[in-house]
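First up is the structure itself, then whatever we jot down about it.
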Amino acid sequence: MARERFAVADSDMHVIEPADLWINYIEPQFKARAPVGLTEVPRDVAIEWEGKRIPNRTPLSRQMLRVTQTAQADRYEHAERRGYDAVSQLEAMEREGLDVAVLFPSRGLFALAVDGMDRDLAAAIARAYNDWLAQFCAEDPERLLGAAMLPPHDVDAAAAEARRMATEFGFKATFMRPNPINGRYWHHASYDPLWAELERLGVPICFHEGGSGEMPYIEQTGKRFDRGIMGHVVSHSLEMMQACVSMCMGGVLERFPRLRVAFLEGNCAWAPWLLWRMDEHVEWRGAVEAPDLARKPSEYFRRQCWVSVECDETPAVHAAETLADNIVFSTDYPHGDSKYPRATEQFLKLPLPAETARKILWDNWVRLYTP
């Protein structure tokens, strides 16, 4: 499949935030409690907060990280030299062949992954990151599009921050991790003001997992394993599946029919099976346990949800047979499992019809990220 036939939009590209981002950008009254990035290895995504290292990797996992980073040093040398600034981000996009990208954090994936965090601090952490990201995207606002960090600890603050970043800075997305915070999943009525505001703004909510955090193991699938390799296999996809069940079966998409939802960096091949299973359960038990659902969960999903594909996710070919309109492309640059700078090239090797590839690389992204 010829690359030049397609425009390419990245649904999930990452920045590497400066280690001192929150020290420099957070409001003065919260500076003493701000997260600090660790710099043990290049592209380190860890933070330290109130004496805790998040993610709290095992020595074996840290060794794995060092080995991976060393092996990948050449491909990221250009960005490392510039400290992963916006210019290096655009250079990476040129090398990968990306026309536009929505940017998500690295260290920021862990900054709010704390159950019971003080809500005012959580909101301040989100505002500081978003202020920094707005300056980052200003290097080329047509190609670098921000996804605003929202603090799930305070729904009103989350709605206010979504409104601020969309109206003042033109951000095209918002994100939270899929893990429940303070024991409340996403279909809980307390989140309805946030969904209502996102629907009004025409800005999607993107769920993006990080794999570890300061939350109970019952709230994080991957923490049930004692080795990172096993935990990482299940964490991203299974957390997305559970968030998808919450949104599609919990009545959120019934109550907010114009809310757009993305489940990112968790693969997409699971989606057809999960949609079938949700439909089957509604047929079996829905009259009693889900009487508020006017549609099948799969119908809500097809109308309002998207999942992202990894460039070499071969089972995605089968998912695309039934969900070609609901899959978006991502490179995951510059994380360890990214195939940069050949992610687009590898994706185009998948045996997909040209029209399906075009939808995944561009058309579906437009439908997700633009009102």
Using a 1.4 Å probe and counting only protein heavy atoms, arrange Arg255, Arg57 so the residue with the most accessible area comes first.
Arg255, Arg57
Relative contact order for region 1-150: what is it in percent, counting Cα pairs under 8 Å that are at least 6 residues apart?
33
Specify the inter-centroid distance of region 91-128 and region 314-367, based on alpha-carbon positions, in whole Å.
22
What pairs from Lys172/Lys339; Lys172/Lys359; Lys223/Lys339; Lys339/Lys359; Lys31/Lys339 go past 29 Å between their alpha carbons?
Lys31/Lys339
Relative contact order (%) - criterion: Cα under 8 Å, at least six apart; region: the chain
19
Values of log10 I(q)/I(0), in the order q = 0.19, 0.26, 0.30 Å⁻¹, for region 240-279 under a Debye, Cα-only, solvent-free model:
-0.56, -0.97, -1.14
Cα-projected label distance for Glu321 with His188, points at 7 Å along beta-carbon direction, nm:
4.0
For region 89-150, take every pair of Cα atoms, bin their distances at 5 Å starting from 0, and report each bin as a whole percent.
4, 17, 25, 20, 14, 10, 6, 4, 1
On full extension of the chain, what length is gained from Ala354 through Glu168, given 0.36 nm per residue of separation minus the C-alpha to C-alpha distance?
63.2 nm
Going toward the positive end of the dipole of the chain, with +1 on Lys and Arg Cβ and -1 on Asp and Glu Cβ, which of Val288, Ser308, Trp195 do you reach last?
Val288
Return the ratio Rg/(2.2 N^0.38 Å) for region 1-99, where Rg is computed over Cα atoms only.
1.33
Extension gain from Ala287 to His232, taking 0.36 nm per residue of separation minus the Cα-Cα distance:
16.1 nm
Note, Ala324: beta-carbon cut-off 14 Å, +1 each Lys/Arg, -1 each Asp/Glu, net 0
Among (1) 21.0, 64; (2) 21.1, 69; (3) 19.4, 60, the value of Rg and Dmax of the Cα atoms in Å computed for this structure carries the label (3)
In debye to the nearest 20, the charge dipole size for the chain, taken about the Cα centre with +1 at each Lys and Arg Cβ and -1 at each Asp and Glu Cβ, equals 340
Kindly report the accessible area of the chain per residue (heavy atoms of protein chains, probe 1.4 Å, no ligands, DNA or RNA), in Å².
41
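Please give the calculated 222 nm ellipticity per residue for the chain, where each DSSP H segment of at least 4 residues contributes -39500 (n - 2.57) and the sum is spread over every residue; nearest 500 deg cm²/dmol? All intermediate terms of the calculation are to be shown ahead of the outcome.
On the way: 16 runs with 160 residues, N = 371.
Calculated at 222 nm, the ellipticity per residue is -12500 deg cm²/dmol.
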If N is the number of residues in region 116-220, what value comes out of its Cα radius of gyration divided by 2.2 N^0.38 Å?
1.06
Output wanted: per-residue J couplings in Hz (rounded whole) for region 64-79, from phi through Karplus 6.51 cos²θ - 1.76 cosθ + 1.60, θ = phi - 60°, x for Gly and Pro.
4, 5, 5, 5, 4, 4, 5, 5, 9, 4, 5, 5, 10, 4, 4, 7
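The values are calculated or read from the model by the stated rules, or taken from the named source; none is laboratory data. None of the values given here were measured: they were computed from a predicted structure. Heads up, the Cβs are rebuilt from the backbone with ideal geometry, glycines too, and the neighbour counts pull from every protein chain shown. Heavy atoms of the whole protein, side chains included, go into the accessibility calculation; ligands, DNA and RNA do not. Shrake-Rupley method; radii C 1.70, N 1.55, O 1.52, S 1.80 Å.
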